[in-house]
Structure formats: structure tokens, C-alpha cells
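The values are calculated or read from the model by the stated rules, or taken from the named source; none is laboratory data. Just so it is clear, the model here is predicted, and its values are computed rather than measured. We place every Cβ from the backbone using ideal geometry, glycine too, and count neighbours over all the protein chains shown. Please note that ligands, DNA and RNA were not included when accessible areas were found on the heavy atoms of the full protein model with its side chains. Shrake-Rupley method; radii C 1.70, N 1.55, O 1.52, S 1.80 Å.
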Amino acid sequence: LDTADVAKIKAAGMKLGLSTHDIEELDRALAFEPDYAALGPVYPTILKKMKWHQQGLPRVSEWKTRIGDIPLVGIGGMSVERAAGVLEAGADIVSVVTDITLNPDPETRVRQWIEATR
């Protein structure tokens, strides 16, 4: 982002979403006026090694209070069973990878996700 032409990105109609993991990153992200902000990992994640530990649902609520109307994406350790709690805590969206890709029946799991997030 230090060298990105954010105005040009937005003028091209592209959406700018930024992942955050701590207050410093959130403050920096908000300075770019993103179209959405992500918080993670909400739960422990196996997708990639991270220096941050799980943030938890109280942090989701805190982030939503801080960012107001900007859509908040909950990332990290998501499952169909956890989705409702993350949305209730303030996330507008949940992002999922391994709960689908590592599922023995990914097509069924996608349908479950659609039902859980409608």
C-alpha cells in the first residue's frame, strides 16, 4: 500500500479491502478508506502460519464499533457452525477456505454455507 495509487484503484471501479490483525493495522487501513475491512483470525486457523492468535468474538464487536458503516469481514477458522456467532458479533461477512476445501463433500458444505449466511 505504501506505493499503491489508491485513487487510481478506486477510479477503476475496483474494491479495496484490507485485512487487519491489531489496532495499529486497523488505524492504518482506515486511513485508506477501504471498501471493507477484515479482522482475523477470529478463530485458530490452519490456512497459514500467523503471528496473531485468535481474536475472538469480542474483538469482532470492537472492530465493528470502530469502523462503523464499513463492511467487516470475519476471517480465520470459520466453519458453518461458527458463522452465526461471528455475524451476531458484528461481522457483515464471513470468509471461508478450509472448511470447504478440506471437507470430504465440498459441494454439500457450500450449500450449508449458503443456508447459514442467508
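Scoring Ala84 on the criteria (1) more than 21 Å from Leu30 (Cα to Cα); (2) open to solvent by less than 30 Å² (accessible area, probe 1.4 Å); (3) hydrophobic (A, V, I, L, M, F, W, C); (4) part of a helix (DSSP H, G or I) leaves a single failure, condition (2). Scanning the range 69-80 finds no residues that are under 25 Å from Arg118 (Cα atoms), touching a residue at least 40 places away in the same chain (Cβ under 8 Å) and not aliphatic (A, V, I, L, M).
Yes/no per residue for (1) surrounded by fewer than 20 Cβ atoms within 10 Å (Cβ to Cβ); (2) on the phi > 0 side of the Ramachandran plot; (3) modelled with pLDDT of 95 or more; (4) touching a Gly at 6+ places or on another chain (Cβ under 8 Å):
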site	(1), (2), (3), (4)
Asp2	yes, no, no, no
His21	yes, no, no, yes
Glu33	yes, yes, no, no
Lys51	yes, no, no, no
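Ile70 - would you say it is open to solvent by less than 50 Å² (accessible area, probe 1.4 Å) and assigned to a loop (DSSP other than H, G, I, E, B)? Against the criterion (open to solvent by less than 50 Å² (accessible area, probe 1.4 Å) and assigned to a loop (DSSP other than H, G, I, E, B)), Ile70 qualifies.
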